Amino acid sequence: MFRPDEVAIAVELLDDALAGDEEYRFLGAFSGEELVGYACWGPTSGTTGTYDLYWIVVDPARQGQGVGTQLLRAVERELTAGDGRLVIVETSSRADYGPTRAFYERRGYARVAQIPGYYAAGDDLVIYLKDLTHAVLARATA
Ligand SMILES: CC(C)(COP(=O)(O)OP(=O)(O)OC[C@H]1O[C@@H](n2cnc3c(N)ncnc32)[C@H](O)[C@@H]1OP(=O)(O)O)[C@@H](O)C(=O)NCCC(=O)NCCS
């Protein structure tokens, strides 16, 4: 699903994080010793409490088994335990990202913006937002 240049960026972010760059946080999902998915997020510069979820990916052989949901929830828990307020996700309007968009939408992410032709002709940027303060309030009043 990812282009070679996207894979190169993913590896670069991991290298930066391992080198101590705190702009990029990583969380892995494991089955025993095997890495089956990971998420990468970080603070959005120039904001207070807004975070970008840069990457969430699950091994194709393990998709649809709840791993992505666990990763997303774990990232949200990390953020609400700190100063996290908003989570932003940028994704593509391409048809092959339909299941990905549905994944976010069913987990409380609202489609808040779309930039036509952003990635390529006919491939829009779609921006999702989750307000974690609402989630905290909902839990507190449940
Ligand atoms: C999107 C992704 C991280 C979800 O992880 P997952 O472990 O498959 O998700 P879960 O099993 O927790 O949840 C399955 C849900 O996601 C949706 N989904 C998205 N992609 C799916 C896939 N390839 N296989 C099965 N379900 C998928 C299903 O519709 C299902 O929705 P529902 O539970 O609301 O009915 C994962 O499918 C993936 O890595 N996709 C490719 C990479 C990608 O698009 N990453 C996001 C880039 S912005």
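The values are calculated or read from the model by the stated rules, or taken from the named source; none is laboratory data. All of these numbers come straight from a predicted model, not from anything done at the bench. Note that each Cβ is placed from the backbone with ideal geometry, even for glycine, and that neighbours are counted across all protein chains shown.
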When every residue in the stretch 23-67 that is of a type in the set (A, V, I, L, M) and out of contact with any helix residue (DSSP H, G or I) (no Cβ under 9 Å at 6 or more places or on another chain) is compared, the one nearest to Arg101 (Cα to Cα) is Val67
If we keep only residues of the stretch 45-74 that are surrounded by 19 or more Cβ atoms within 10 Å (Cβ to Cβ) and closer than 13 Å to Glu23 by Cα, then the residue farthest from the ligand (Cβ to nearest atom) is Tyr51
Name the pairs: first residue in the stretch 103-120 and under 20 Å from Thr133 (Cβ atoms), second residue at pLDDT 95 or above and among the polar types (S, T, N, Q), Cβ to Cβ under 7 Å, at least 6 apart or on different chains?
Arg107/Thr69
Note: among Gly46, Gly20, Gly66, Gly117, just one is at positive phi and modelled with pLDDT under 95, namely Gly20
